[in-house]
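I have placed the structure first, in the form of structure tokens, so that the comments after it can refer back to it.
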There are 2 protein chains.
Amino acid sequence: MHTGVVNLVTVDDIEAAAARIQGVAVRTPLVPCLWGDPDRPLWLKPENLQPVGAFKIRGAYNAVARLTDEQRARGVVAYSSGNHAQAVAYAAREFGIRAWIVVPEGTPQVKVDATRALGAEVVLVAAGQRETRAYEIVAERGAALIPPFDHPDVIAGQGTIGLEIVADLAEVDLVLVPVSGGGLISGVAAAMKGLRPGAQVWAVEPELAADTAASLRAGHLVSWPVEDRDRTIADGLRSQPSELTFAHQRALVDGIVTVAEDEIRDAVAVLAHRANLVAEPSGAVATAGYLHHAGELPRGRTVAVVSGGNVDPAALAALLA
Amino acid sequence: MHTGVVNLVTVDDIEAAAARIQGVAVRTPLVPCLWGDPDRPLWLKPENLQPVGAFKIRGAYNAVARLTDEQRARGVVAYSSGNHAQAVAYAAREFGIRAWIVVPEGTPQVKVDATRALGAEVVLVAAGQRETRAYEIVAERGAALIPPFDHPDVIAGQGTIGLEIVADLAEVDLVLVPVSGGGLISGVAAAMKGLRPGAQVWAVEPELAADTAASLRAGHLVSWPVEDRDRTIADGLRSQPSELTFAHQRALVDGIVTVAEDEIRDAVAVLAHRANLVAEPSGAVATAGYLHHAGELPRGRTVAVVSGGNVDPAALAALLA
């Protein structure tokens, strides 16, 4: 239940974000797929080609850019072991400021090393202590917390993907977007509905972490136990929406499909073999929805967002074997 | 020895080609690589994202577009079992004209099927008969032969890659380009030397098919036996330059490095694991040169052209295992 009015991100916010991230985020093209269904021709938006390998750079950079010079001088903090952590570290390096990234003990060394290589200070904490420690750093250092999705500046940054889709394919009918915390789809839907209200925006979610589908059906946020959400191979899609991102989805998203684990694996293989793109499982779910749930989706010119490509080499080899 | 004056392709030719291919070829971005050497920051030009999975669409489409309406109405012919065949088929389909693709018996069925799926008529002939049969079709049908590299319109189309590199990274110092027949590097070098004469353009070639390196050293075309050239895993780089492409290279290319088979394999793996791009071995040689021949190359801001990504799924799995 909302306790007050929630302001949705606007096209103006997103256009301002686009100006800020220019030259930092890659202006990704739409990649036409010869292997798509002729009744629903397919284009991919390859956000796996961004610096740090995922769309997260758009929102993180926009949020850091929106801080005042004084705020920025005190540094930024994020708690994440995933793509958002590296995106914040990358944005901080671009601005020449400090970044603290709070990660749980047990995070793969390769991710810790990658974050450190970007100049961030990695703060290892016990599981469950990430948020607490991050807020301590905010209090001690005066640093600004950059949340992974629950902030209008982050949502506006992700929404620049929608602007680019409309610029490259004005007659788009359907955009398929992976959903988890909901920052990406909130921004993309805000852009699409502002510029092309006739185009539909659908969420795609793993069946094993389908809390957003349950929430949209119920009309209010439904929480799933983390043990349930952690079952999916799509390790970037284990978060839940916030009130802010759920409000965007209720207002702006046209539908949702859920995809099985085998469908996600198949989409990773199809993207590699037919589109020459390496996607992580989380990055392949929109394509999985396109490939395996045609009957549930509107027809017409379809764009699937390939949101990221950070997959462990051994895991990729296994998926393509 | 040249028997006459060879006219090199100009920036004007390439700019005209760019206008023709707009909306057909993907406007590929430059992808910055965090893992590059800081003294020689690296960007990739991902031509593996083109329709048909390789840069060849640029030259083939430009050449078909340059025919008169009358010529085009009689159809086009190509002899190739590789990326050029599919590029010509794709261009013909875009124009709604017939295409005959002459391929040798024994061509993998998957390639034959892909070419047919684009609407082309596949003409199977005995090995060694491709060129003869192609010219028969030209004579019988009045169709226009679209050569894979030995034509100014093809070279100008490939050169649009150079225009885009300069547009996206005006301060580029070095462009690394795979070389075989030489259409790609001739076009890219013509664009770069016309617009950024201070930037260097280097060829990268497999050691096992290093006829271009031998030719540039000798100052005239040196032929290698096809049995030698066929040894490299880079199956798209087994052709030899023509007088036309060799004239461009002598005039415009600053240097050449040759890469070992293991270096090519390593580059395929690095591109998949660190840049999220599936490259075929031929498409990875420029990156192999960057990774393994730093001492031979100029320093500075470097672009490596990833020229294609059409690799058999089983071969890719083996390369990434």
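The values are calculated or read from the model by the stated rules, or taken from the named source; none is laboratory data. Treat the numbers as computed from the prediction; the structure is a model and nothing was measured. Using ideal geometry, Cβ is built from the backbone for each residue, glycine included, and neighbour counts are taken over all protein chains shown. For the accessible areas, the whole protein counts, side chains as well, though only heavy atoms, and no ligand, DNA or RNA atoms are used. Shrake-Rupley method; radii C 1.70, N 1.55, O 1.52, S 1.80 Å.
Mind checking whether some residue in segment B:88-96 is open to solvent by 30 Å² or more (accessible area, probe 1.4 Å) and either touching a Lys or Arg at 6+ places or on another chain (Cβ under 8 Å) or under 30 Å from residue B:192 (Cα atoms) (or both)? Among the residues of segment B:88-96, at least one is open to solvent by 30 Å² or more (accessible area, probe 1.4 Å) and either touching a Lys or Arg at 6+ places or on another chain (Cβ under 8 Å) or under 30 Å from residue B:192 (Cα atoms) (or both), which makes the answer yes. The residue that is surrounded by the most Cβ atoms within 10 Å (Cβ to Cβ), counting only those in segment A:132-152 that are closer than 14 Å to residue A:84 by Cβ and either within 14 Å of another protein chain (Cβ to nearest Cβ) or in contact with a strand residue (DSSP E or B) (Cβ under 6 Å, 6 or more places away or on another chain) (or both), is A:146.
The set of residues in segment B:44-82 being open to solvent by 50 Å² or more (accessible area, probe 1.4 Å) and in contact with a strand residue (DSSP E or B) (Cβ under 9 Å, 6 or more places away or on another chain) consists of B:71, B:74, B:79. Restricting attention to segment A:242-251 and to residues that are under 19 Å from residue A:192 (Cα atoms) and of a type in the set (Gly, Ala, Ser), the residue that is surrounded by the fewest Cβ atoms within 10 Å (Cβ to Cβ) turns out to be A:251. Counting only residues that are touching a residue at least 24 places away in the same chain (Cβ under 8 Å), surrounded by fewer than 24 Cβ atoms within 10 Å (Cβ to Cβ) and in a helix (DSSP H, G or I), segment B:282-312 holds 4 of them. Among the residues of segment A:10-39, write down those that are β-branched (Val, Ile, Thr) and either facing chain B (nearest Cβ under 10 Å) or surrounded by fewer than 20 Cβ atoms within 10 Å (Cβ to Cβ) (or both). Selection gives A:10, A:11, A:24, A:26, A:28, A:31. The selection criterion, being of a type in the set (S, T, N, Q) and open to solvent by 10 Å² or more (accessible area, probe 1.4 Å), holds for residue B:239. Within segment A:157-165, can one find any residue that is open to solvent by 20 Å² or more (accessible area, probe 1.4 Å) and modelled with pLDDT of 95 or more? Yes: segment A:157-165 contains one or more residues that are open to solvent by 20 Å² or more (accessible area, probe 1.4 Å) and modelled with pLDDT of 95 or more. Candidates are the residues of segment A:269-281 that are of a type in the set (A, V, I, L, M) and part of a helix (DSSP H, G or I); the one that is nearest to the other protein chains (Cβ to nearest Cβ) is A:272. Out of all the residues in segment B:59-75, is one or more within 14 Å of another protein chain (Cβ to nearest Cβ) and under 21 Å from the mean Cα position of the chain (by Cα)? Yes, segment B:59-75 contains at least one residue that is within 14 Å of another protein chain (Cβ to nearest Cβ) and under 21 Å from the mean Cα position of the chain (by Cα). Of all the numbered requirements in (1) under 25 Å from residue A:196 (Cβ atoms); (2) within 17 Å of the chain's Cα centre (by Cα), residue A:254 misses one, and that requirement is (2).
Determine whether residue B:110 is among the aliphatic types (A, V, I, L, M), open to solvent by 30 Å² or more (accessible area, probe 1.4 Å) and in the same structural domain as residue B:123 (by TED's automatic domain parsing). For residue B:110, the condition - among the aliphatic types (A, V, I, L, M), open to solvent by 30 Å² or more (accessible area, probe 1.4 Å) and in the same structural domain as residue B:123 (by TED's automatic domain parsing) - is met.
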